[in-house]
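What follows is a set of notes on a single structure, which appears directly below.
The values are calculated or read from the model by the stated rules, or taken from the named source; none is laboratory data. As the structure is a prediction and not an experimental result, all values here were calculated from the model. Reconstructed Cβ throughout: ideal geometry from the backbone, glycine too, with neighbour counts over all protein chains shown. Just so you know, the surface numbers come from the protein's heavy atoms only, side chains and all, with ligands and any DNA or RNA stripped out. Shrake-Rupley method; radii C 1.70, N 1.55, O 1.52, S 1.80 Å.
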Amino acid sequence: MKFCAVIALAAHTHAFAPLSQKPAFNSELNSVGVYYSTSTGNTETVCGYICEAIGAEMIDIGDAEDDEIASHDTLIVGAPTWHTGADEQRSGTSWDDWLYDTLPNVDLDGKKVAVFGVGDQASYADNFCDAAGELYDLFSAKGCTMIGKTSTDGYDHEESKAVVDDQFVGLMCDEDNQDDLSEERANAWIEQLKGEGMEV
């Protein structure tokens, strides 16, 4: 009888136990963080290829927490370009506010950051993946170590603010015209990032 009472008491106590709190972020367990935002779903698709390659979870920057972002050793960040020709807030997503309202208050000095962008080089040949250039510029200005530049070979665009020193600032994908190349490009890029010091 006493044994049954102990079991019943344990079950009763467990039933009313408080929900566990979200654990504190541990940089050793969060070496790579992947953040994106999307308008049509194309950026999410490419982000999925990246996350599958490194075993990470994608997080919309609009839902991200500052301490979580700062806990990572390396950040992979990606955006579409919606406001073509704009000098700032080019993505038309949550990035537009986050980059100017939140990023200035997050300590990312020395963090490795890799940028990816998604655009349409046929319909917007003069502004291909411009928002990726904005990500690159602002994270770089925060003291981050930018990694992952790629060749412009194999693309058919006229101009892009995501080109620095004749290279793309990161991985650029075109789900409208070259969707069959996106996964292959993402996998090759991840291998490149590993060679540039990203630990997964």
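The table that follows gives values for the structure above.
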read-out	value
The listed residue being open to solvent by 60 Å² or more (accessible area, probe 1.4 Å), on the phi < 0 side of the Ramachandran plot and either in contact with an Asp or Glu (Cβ under 7 Å, 6 or more places away or on another chain) or of a type in the set (Asp, Glu) (or both), out of 175, 134, 159	159
Filter pass, residue 99 being buried (at least 23 other Cβ atoms within 10 Å of the Cβ) and within 26 Å of residue 67 (Cα to Cα)	yes
Any chance residue 183 is within 21 Å of residue 33 (Cα to Cα), modelled with pLDDT under 95, open to solvent by 40 Å² or more (accessible area, probe 1.4 Å) and of a type in the set (D, E, K, R)	no
Positions within segment 144-156 being on the phi > 0 side of the Ramachandran plot and surrounded by fewer than 20 Cβ atoms within 10 Å (Cβ to Cβ), in sequence order	154
Residue pairs meeting the criteria (Cβ under 6 Å; at least 6 apart or on separate chains; first modelled with pLDDT of 95 or more, in segment 118-129; second assigned to a strand (DSSP E or B) and crowded, with 24+ Cβ neighbours inside 10 Å)	118/80; 118/173; 129/117; 129/172
Condition check for residue 112: within 22 Å of residue 71 (Cβ to Cβ), free of Cβ contacts under 8 Å to residues at least 40 places away in the same chain and of a type in the set (D, E, K, R)	no
Segment 46-85 - residue that is more than 22 Å from residue 102 (Cα to Cα) and out of contact with any strand residue (DSSP E or B) (no Cβ under 8 Å at 6 or more places or on another chain) and, of those, modelled with the lowest pLDDT	84
Single match in 183, 175, 158, 199 (criterion: under 18 Å from residue 79 (Cα atoms) and assigned to a loop (DSSP other than H, G, I, E, B))	175
Sole exception among (1) under 20 Å from the mean Cα position of the chain (by Cα); (2) free of Cβ contacts under 8 Å to residues at least 40 places away in the same chain for residue 166, by number	(1)
Only listed residue being buried (at least 22 other Cβ atoms within 10 Å of the Cβ) and over 14 Å from the mean Cα position of the chain (by Cα), chosen from 119, 110	119
